[in-house]
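S.K.: Could you have a look at this structure, given as structure tokens, before my questions?
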Amino acid sequence: MPEIPDLQHYLGDLESKDKASRIRTLSLLKDKLTLAPGSSDVGDHSMNYNLIDALANRLVNDPAERCRELSLTIIAECLRDMDPAKIVRSARCIVPAAAERFGSQPFREPVEELRLKLIETCTKILHQAASELSYERSHPITDILAFSLVSALTDRFPEGKRAAATAISNLCRIAPWSINLHFVALMIELSTNLSHQHVGHANELF
């Protein structure tokens, strides 16, 4: 990820009460973080963490859909060039922020496509950090994710529901201990979804 001059200035602008100002700042950050093909510049990771913390806060608290969408896009860009150890560090703020948007009923994130992207981002983090995950280091992250996926499975948005099931499959493979505390609730929702699918297929036949 490239180093951004005056990053602190951008971080301050993200707290603006003016929606247009926040969108403008996020758009500028997105442009600056879009790397040319083949670039390997990873910049100042301590500053990257500050940026990710600020973006996670936007994910949770920004009332503007466009700001939440841009924040998630920039987070994905930040993670793209991070090694697994740094992914785990970043995940400690990203996963709880994302889970807060799709992990309770009613969903705090009202936009279906954003709920889908949030789940997909968490799944991508699991994949990128898989080699670094250990019980002590990953448990707070994966436990939060496992708990939030119980609610995600109740989503009426089919793609979001499928993304949640995929995330559970990945948790079982990468961090199986995280499923234990929520096994019954997850299995109930998965079984309910399977039953509804079978009923739907039967109705189609008749």
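The values are calculated or read from the model by the stated rules, or taken from the named source; none is laboratory data. Bear in mind that the values here come from a model prediction, so they are computed numbers and not experimental data. Positions of Cβ are generated from backbone atoms using ideal geometry, with glycine treated the same way; all protein chains shown enter the neighbour counts. Heavy atoms of the whole protein, side chains included, go into the accessibility calculation; ligands, DNA and RNA do not. Shrake-Rupley method; radii C 1.70, N 1.55, O 1.52, S 1.80 Å.
S.K.: Kindly list, by first and then second residue, each pair from a residue in segment 39-56 that is closer than 18 Å to Cys93 by Cα and buried (at least 22 other Cβ atoms within 10 Å of the Cβ) to a residue that is at pLDDT 55 or above and not aliphatic (A, V, I, L, M), limited to pairs with Cβ atoms under 6 Å and residues at least 6 apart or on different chains.
M.R.: Filtered contacts from segment 39-56: Asn48/Cys78; Ile52/Cys78; Ile52/Ser90; Leu55/Ser71; Ala56/Cys93.
S.K.: Has segment 166-177 got at least one residue that is within 14 Å of the chain's Cα centre (by Cα), modelled with pLDDT of 90 or more and within 24 Å of Arg66 (Cβ to Cβ)?
M.R.: So far as segment 166-177 goes, no, none of its residues is within 14 Å of the chain's Cα centre (by Cα), modelled with pLDDT of 90 or more and within 24 Å of Arg66 (Cβ to Cβ).
S.K.: A further question follows. With respect to the numbered conditions (1) more than 22 Å from Glu159 (Cβ to Cβ); (2) at pLDDT 95 or above; (3) not aromatic (Phe, Trp, Tyr), which one is the sole condition not fulfilled by Lys117?
M.R.: Against the list (1) more than 22 Å from Glu159 (Cβ to Cβ); (2) at pLDDT 95 or above; (3) not aromatic (Phe, Trp, Tyr), Lys117 comes up short only on (1).
S.K.: Shifting gears a bit: Determine, yes or no, whether Arg80 is surrounded by fewer than 21 Cβ atoms within 10 Å (Cβ to Cβ) and on the phi < 0 side of the Ramachandran plot.
M.R.: yes
S.K.: Of everything in segment 85-142, what is open to solvent by less than 70 Å² (accessible area, probe 1.4 Å) and not in a helix (DSSP H, G or I)? Give them in sequence order.
M.R.: Restricting attention to segment 85-142, the residues satisfying the condition of being open to solvent by less than 70 Å² (accessible area, probe 1.4 Å) are 85-88, 90-91, 93-99, 101-104, 107, 109, 111, 114-116, 118-119, 121-123, 125-126, 128-130, 132-134, 138-142.
Gly103, Ser104, Phe107, Glu109, Val111, Leu133, Ser134, listed by residue number.
S.K.: Right, here's the next one. Looking only at segment 59-84, filter to residues that are out of contact with any helix residue (DSSP H, G or I) (no Cβ under 8 Å at 6 or more places or on another chain) and in a helix (DSSP H, G or I); which one of those is nearest to Leu114 (Cα to Cα)?
M.R.: Per the stated criteria, the residue is Asn61.
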